[in-house]
Amino acid sequence: MSARTSVPQRTQPHVLKATGQARPLAGARSELEPHAPTANPRVAPGFGGALRALLRKELLVELRTLESVPGMSLFAVSVFVVFHFALNRASIDGDLAAGVLLVTLLLASLLGINRLFVADAEQGGFDGFLLAPVNPTALLVAKALALIGYLLVLELVAVPAFALLLLGTSLWPALPGLIAVLALADLGVATAGTLVSTLAVRTRARDLLGPLLALPLLIPVVIGSSNAISPLLAVHPPALGAWLTGSAARWLVLLALYDLVFGLIVYAVFDFLLED
Amino acid sequence: MEASSPALELHGLGRSFGERPVLEDVSVSLQAGQTLVVFGPNGSGKTTLLRVLAGLLRPRSGRVRVLGAELPRQSWALRGRIGWLGHDPLLYMQLTARENLAYHARLHAVADERVEQVLDAVGMAARADEPMRELSRGMVQRVATARAVLGRPELLLLDEPLTNLDPGARQLVWPLVGPGSGHTRVLTSHDPATGLAEADLVLGLRHGRSELYASAQNVDAEQVMELYR
């Protein structure tokens with residue numbers, strides 16, 4: 001076919017449209033005005049409003065599918081059972097207990113990280129979001145908050161199971177310190193996990209790439225939190241005050257710094273990751 | 001956007017995926033309120049063109065100006081001003097139609113009443129509380145149409161918008177996205193008869209290149225069919 005490119009004449013066939021007399025199909029409704037386009041200025045939703053909408057959608061999708069949290073929790077409990085038999089010990093404490101707990105939680109969190117953006121990637125959620133007049137940071141914060149929520153539920157299941165199946169000492173004295181450490185660790189996992197998930201979800205090998213990227217990035221979280229928790233899970237744990245003023249302090253600072261640095265990195269690059 | 005400037009202005013637009021060019025040297029100028037119909041066989045670059053116009057893909061070369069925003073530099077300025085209706089409905093299948101539209105309404109700062117208005121307009125109010133995955137493809141397309149016009153966009157980008165719709169559903173959605181809706185529109189089509197009836201301007205793509213660009217009144221169905229041979 002020969003190419004034909006002519007400058008079109010400036011027809012005005014849709015002058016009729018402006019008067020609402022254009023060509024609807026036979027039988028079509030005549031009430032067109034309610035759906036007519038609106039010119040600028042447009043109102044953009046506030047950050048808080050967009051964040052609430054995104055978070056609500058996130059939790060609704062998870063509640064309807066139950067794809068992340070139950071899988072994460074069941075995985076953690078299963079790993080504790082495996083450790084129970086594999087270590088061939090009635091109970092563990094100290095460094096070993098801290099390592100088993102933290103590594104299990106980390107591996108379980110990878111399941112949530114891997115699925116964090118799957119619904120958005122598979123069902124056009126990214127495009128829908130990018131077409132809306134919303135600050136992209138709202139999506140980042142919503143995803144990180146959702147992941148923190150998943151991790152909290154995971155820990156509510158996994159920590160008692162760990163105490164029941166493996167821990168040789170009482171969990172109660174360690175609980176306040178454990179909560180503080182896990183809170184800092186969750187923040188780090190959520191920020192780094194959101195970054196990794198955003199990177200991996202648009203690749204073909206996302207199931208492989210997610211863990212491969214996340215594990216090295218999360219090593220500082222494991223080091224900091226297991227070292228901080230280790231004294232709390234010893235046979236004779238220190239008092240909370242002594243633990244806080246002792247060696248745990250620097251590990252808590254390390255975790256807080258990790259959270260801060262990764263929070264800033266993810267904030268800086270997230271917009272670019274969403275773009276083509 | 002200035003009153004006199006075109007709604008769309010493309011000069012030498014090019015886009016590639018890796019080394020493979022998908023669009024090459026495409027130039028178009030479309031006034032506000034007009035309809036551009038894009039014809040072309042599968043893989044000719046129609047959907048890619050629409051994604052570039054929506055700011056979802058970056059042009060690799062050429063100049064692209066949409067609603068006064070220079071792309072990709074000002075793609076943020078397009079957000080909320082474009083209604084997109086493509087092959088993918090951009091809806092979460094786990095949620096209901098009402099939940100999906102309420103989610104998009106909040107992202108577009110649109111009042112909840114508008115959700116009921118568009119649900120009613122596409123005839124989905126009665127099925128609005130059923131999960132999307134339980135609806136037929138035609139019903140999903142109706143909800144997707146409601147989503148596309150929810151924020152009263154200035155520009156509609158319609159990628160074969162009547163796909164999956166029965167004649168009754170077409171009559172329902174056409175007032176929202178058809179020529180009578182008052183939108184500036186770019187739509188893709190494989191049907192020369194209905195496409196030409198819709199069009200002010202016609203763009204024919206083949207292998208990503210513009211092979212036909214003319215006023216609709218200067219194009220006949222046979223010229224469109226040449227693109228597919």
Residue count, the stretch B:164-193 (criterion: free of Cβ contacts under 8 Å to residues at least 40 places away in the same chain and under 16 Å from B:Pro41 (Cα atoms)): 2
Quick one: how many residues across the stretch B:141-180 are more than 13 Å from every other protein chain (Cβ to nearest Cβ) and surrounded by fewer than 20 Cβ atoms within 10 Å (Cβ to Cβ)? 3
Residue under question is A:Gly48, and the condition is that it be open to solvent by less than 90 Å² (accessible area, probe 1.4 Å), at pLDDT below 95 and of a type in the set (Gly, Ala, Ser); does it hold? yes
Need at least 2 residues that are open to solvent by less than 30 Å² (accessible area, probe 1.4 Å) per element, so show me which helices (runs of 4 or more DSSP H) inside the stretch A:182-276 make the cut, counting only ones lying wholly within it. A:206-229, A:248-274
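Looking only at residues in the stretch B:17-36 that are of a type in the set (Gly, Ala, Ser) and surrounded by 15 or more Cβ atoms within 10 Å (Cβ to Cβ), which one is farthest from the chain's Cα centre (by Cα)?
The qualifying residue farthest from the chain's Cα centre (by Cα) is B:Ser27.
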Test: residue in the stretch B:37-50 that is touching a residue at least 12 places away in the same chain (Cβ under 8 Å), facing another protein chain (nearest Cβ under 10 Å) and either open to solvent by 30 Å² or more (accessible area, probe 1.4 Å) or not basic (Lys, Arg) (or both): no
Residue by residue through the stretch A:215-252, note down the ones that are touching a residue at least 40 places away in the same chain (Cβ under 8 Å) and hydroxyl-bearing (Ser, Thr, Tyr). A:Ser225, A:Ser226, A:Ser230
Filtering the stretch B:107-140 down to residues that are surrounded by 23 or more Cβ atoms within 10 Å (Cβ to Cβ) and part of a helix (DSSP H, G or I), which residue is farthest from the other protein chains (Cβ to nearest Cβ)? B:Val115
Where B:Arg98 falls short, out of the listed (1) surrounded by fewer than 21 Cβ atoms within 10 Å (Cβ to Cβ); (2) assigned to a helix (DSSP H, G or I); (3) within 11 Å of chain A (Cβ to nearest Cβ): (3)
Pull up the stretch A:90-142, narrow it to residues that are among the aliphatic types (A, V, I, L, M) and in a loop (DSSP other than H, G, I, E, B), then point me to the one that is surrounded by the most Cβ atoms within 10 Å (Cβ to Cβ). A:Leu131
Residues located in the stretch B:185-220, provided they are open to solvent by 10 Å² or more (accessible area, probe 1.4 Å) and of a type in the set (S, T, N, Q): B:Ser189, B:Thr194, B:Ser210, B:Gln217, B:Asn218
Flagged pairs (Cβ under 9 angstrom, 6 or more apart or on separate chains; first in the stretch B:205-225, within 10 Å of chain A (Cβ to nearest Cβ) and of a type in the set (Ser, Thr, Tyr); second open to solvent by 10 Å² or more (accessible area, probe 1.4 Å) and part of a strand (DSSP E or B)) are B:Ser210/A:Thr5; B:Ser210/B:Glu24; B:Ser210/B:Asp25; B:Ser210/B:Ser27; B:Tyr213/A:Arg4; B:Tyr213/A:Thr5; B:Tyr213/B:Ser27
Tally, over the stretch B:55-70, of residues that are within 17 Å of the chain's Cα centre (by Cα), open to solvent by less than 60 Å² (accessible area, probe 1.4 Å) and within 15 Å of B:Leu13 (Cβ to Cβ): 5
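The values are calculated or read from the model by the stated rules, or taken from the named source; none is laboratory data. This structure is a prediction, so every number in the text was calculated from the model and none was measured. In this analysis, Cβ positions are derived from the backbone assuming ideal geometry, glycine residues included, and neighbour counts consider all displayed protein chains. Surface areas here come from the heavy atoms of the whole protein model, side chains and all, with no ligands, DNA or RNA. Shrake-Rupley method; radii C 1.70, N 1.55, O 1.52, S 1.80 Å.
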